[in-house]
Amino acid sequence: GEKITIKNLLYPLLLESSNDAAEAIAEHYGRKPFVNALNDKVRAIGLKSTFFADPSGLLPSNVSTAFDLFTFAEYLFKNKPFLFETTLRKEEEAAGHLWRNASKFLRDPSYRGGKNGYTDEAGYTLISIFDLPLAEFDNRSIAIILLGSKNNEDDVRKVITFLKANVYYQEKPQFSSSSI
């Protein structure tokens with residue numbers, strides 16, 4: 001009988017990866033229409049290999065790819081930045097509840113937000129954005145998508161170390177026909 005706003009359900013959903021919160025949101029709209037709306041939305045965004053069978057993503061028939069998850073992260077980063085901003089909160093108290101963030105990257109100043117998860121089929125998963133010093137005078141926002149990880153934190157640290165050591169972004173100089 002407890003009533004919690006959809007806005008407040010985003011905290012357990014995004015901070016703690018609560019499957020119960022996903023189910024509660026779906027029940028509010030009607031489970032089947034909600035799952036159908038999820039699938040319609042991913043198609044509208046251009047995610048060709050993503051399918052939702054349930055709101056929480058726990059069923060083995062839920063599928064996606066790293067490319068689709070990258071596309072999704074890019075869409076959210078540009079169009080729904082408050083979702084990434086929410087994932088940067090250490091904790092949130094609302095409606096008599098306290099939710100704590102499960103992310104291992106909150107203390108990393110380059111972390112711009114993200115969401116982790118786990119299923120038996122996919123292993124540990126992660127969508128994250130980091131600002132990395134990959135250019136001469138500024139940082140670049142980099143999405144790191146992991147599927148099938150055994151340790152998200154170690155894998156992300158290895159990717160970041162590799163990127164910092166091996167990737168450098170430089171814009172090509174623009175030449176006009178008169179300068180050649």
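The values are calculated or read from the model by the stated rules, or taken from the named source; none is laboratory data. All figures in this text were calculated on a predicted structure; none of them were measured in a lab. Here Cβ is always computed from backbone atoms with ideal geometry, including for glycine, and neighbour counts include all displayed protein chains. Calculation scope for accessible area: heavy atoms of the full protein, side chains included, ligands and nucleic acids excluded. Shrake-Rupley method; radii C 1.70, N 1.55, O 1.52, S 1.80 Å.
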GNM on the chain, C-alpha springs below 10 Å: top fluctuator among K115, K78, K90? K78
Mind checking which lysines have their C-alpha under 27 Å from K48, skipping anything on the same chain fewer than 8 residues away? K32, K78, K80, K115, K150
Can you send over the solvent-accessible area of V156, 1.4 Å probe, protein chains only, in Å² to the nearest 10? 0 Å²
Have a look at the DSSP beta bridges in the chain and tell me what percent are antiparallel, nearest 5. 95 percent
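Given only helices, namely DSSP H runs of n ≥ 4 each adding -39500 (n - 2.57), what is the per-residue ellipticity at 222 nm of the chain, to the nearest 500 deg cm²/dmol?
Working: 6 runs with 71 residues, N = 180.
Here the helix-only value at 222 nm equals -12000 deg cm²/dmol.
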If I build a Gaussian network model for the chain, linking alpha-carbon pairs within less than 10 angstrom, which residue out of T65, T50, T161 has the largest mean-square fluctuation? T161
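Can you tell me, using C-alpha contacts under 8 Å and at least 6 residues apart, the relative contact order of the range 1-138 as a whole percent? Walk me through the numbers before you get to the answer.
Details: 163 pairs, mean separation 30.4, N = 138.
With pairs under 8 Å counted, the relative contact order is 22 percent.
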Which one, F105, F162, F84, has the greatest fluctuation when you compute a Gaussian network model over the chain with C-alpha springs under 10 angstrom? F162
Considering only protein heavy atoms and a 1.4 Å probe, what is the carbon-and-sulfur percentage of the accessible area of the chain? 54 percent
Using label points projected 7 Å from each Cα along Cα→Cβ, tell me how many nm separate V167 and N79, to one decimal. 2.4 nm
With a 1.4 Å probe and all protein chains kept in place, how much accessible area does R140 have, in Å² rounded to the nearest 10? 80 Å²
Once the mean of 1/r over all distinct C-alpha pairs in the range 84-180 is inverted, the Kirkwood radius in Å reads 15.7 Å
Report P(r) for the chain: all Cα-Cα distances, bin width 10 Å, range 0 to the bin holding the largest distance, values in whole percent. 9, 32, 35, 16, 6, 3, 1, 0
